[in-house]
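The structure under discussion appears below in the form of structure tokens.
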């Protein structure tokens, strides 16, 4: 049994995790602990506070009791708003508190894009433009070329959590670009696990979404590889050898 731990801010999007666990197989357990979100606002200052060391450490105290072997901070905006170096420090601090390998959703996107060999990506976000621009900058620092960025201007995670298949598909199509090798949909409040097959069929290319890459990152930290076609290209491709 491989036990994966996730610190998830608030409740929106949480339904994706038991769904993904079911698709991964009986020897993988997904343990989710909710952290205090503070103010539900997709503003830079509120997002930085949401991912503060104190909030993550409080969540880790509860997650440690589950027996998790790895931990991922399951927030894209709560990590990339600190910048590349700040997000690395956030992960290092979490690993020290947790006593286990740690990462975050922002780094998961970079690692997942490399895994499928996608260097040029389009980004469709629920965020306001200022926050979306910070995510694009983060990806560029990670070595990816961002060929298009789409902002939806939503200001709360609760609103994002109400989106269904139609809204997610509309966002992905609006974000796509002809020269993009993959489309990225950040925000762990967005339900996407049930729509990955539809998204990739509609766009005819890989689609990486926040909760999908977060769980994949937990598996990567645990040195596990799982074939789960319903979770998209990321869970079916052989690893790309980096040179």
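Taking other C-beta atoms within 10 angstrom as a stand-in for reagent exposure, 96, 1, 50 fall in the order 1, 96, 50, fewest first. Prolate is the label for region 85-125, because a/c, from the alpha-carbon gyration tensor with a ≥ b ≥ c as root eigenvalues, is 1.5 or above and a/b exceeds b/c.
Result for the chain in a Gaussian network model with C-alpha springs under 10 Å: among 213, 71, 44, the largest mean-square fluctuation is at 44.
With the simple spin-label model, which puts each label point 7 Å out from Cα in the Cβ direction, the residue 62 to residue 165 separation comes to 3.2 nm. By its C-alpha gyration tensor, with a ≥ b ≥ c as the square roots of the eigenvalues, how is the chain shaped: rounded for a/c under 1.5, else prolate for a/b larger than b/c, else oblate? Rounded is the answer for the chain, as its axis ratio a/c remains below 1.5. Between residue 177 and residue 140, the modelled label-to-label distance comes to 1.1 nm, taking each label 7 Å out from Cα in the direction of the beta carbon. Taking other C-beta atoms within 10 Å as the exposure proxy, 134, 4 rank 134, 4 from fewest upward.
Report the full-extension gain for the segment residue 198 to residue 3: residue separation times 0.36 nm, less the Cα-Cα distance, to one decimal in nm. Show your work: numbers first, answer last.
On the way: separation 195, 0.36 × 195 = 70.20 nm, distance 2.87 nm.
Gain on extension, residue 198 to residue 3, equals 67.3 nm.
Comparing 61, 200, 14 in a Gaussian network model of the chain, where Cα atoms under 10 Å apart are tied by springs, the biggest mean-square fluctuation is seen for 61.
Where is the GNM fluctuation largest for the chain (alpha-carbon springs, 10 angstrom cutoff): 202, 98, 113? Looking only at 202, 98, 113, the biggest GNM fluctuation is shown by 202.
Could you tell me whether region 115-209 comes out rounded, prolate or oblate from its Cα gyration tensor? Rule is a ≥ b ≥ c as square roots of the eigenvalues, rounded for a/c under 1.5, then prolate if a/b exceeds b/c, otherwise oblate. Oblate is the answer for region 115-209, as a/c is 1.5 or above yet b/c matches or exceeds a/b. Only DSSP H runs of four or more residues enter the estimate; each adds -39500 (n - 2.57), and after division by the residues of the chain the mean residue ellipticity at 222 nm equals -12500 deg cm²/dmol.
FRET efficiency for the residue 48 to residue 22 pair, using the beta carbon distance and R₀ = 35 Å, is estimated at 0.55.
How much length would be gained if the chain were fully extended between residue 95 and residue 11, taking 0.36 nm per residue of separation minus their Cα-Cα distance, in nm to one decimal? Numbers along the way, then the final one.
Values: separation 84, 0.36 × 84 = 30.24 nm, distance 2.34 nm.
Full extension from residue 95 to residue 11 adds 27.9 nm.
With r as the distance between the Cβ atoms of residue 227 and residue 39 and R0 = 51 Å, compute the FRET efficiency 1/(1 + (r/R0)^6) and round to 0.05. Numbers along the way, then the final one.
Working: r = 40 Å, r/R0 = 0.79.
Approximately 0.80, to the nearest 0.05.
Fewest neighbouring Cβ atoms within 10 Å first, the residues 17, 127 line up as 17, 127.
We did not get these values from a lab; they are worked out from the coordinates using the rules stated. Note that the structure is predicted; figures quoted are calculated from it, not measured. FYI the Cβ positions are ideal-geometry reconstructions off the backbone, even for glycines, and counts take in every protein chain you see.
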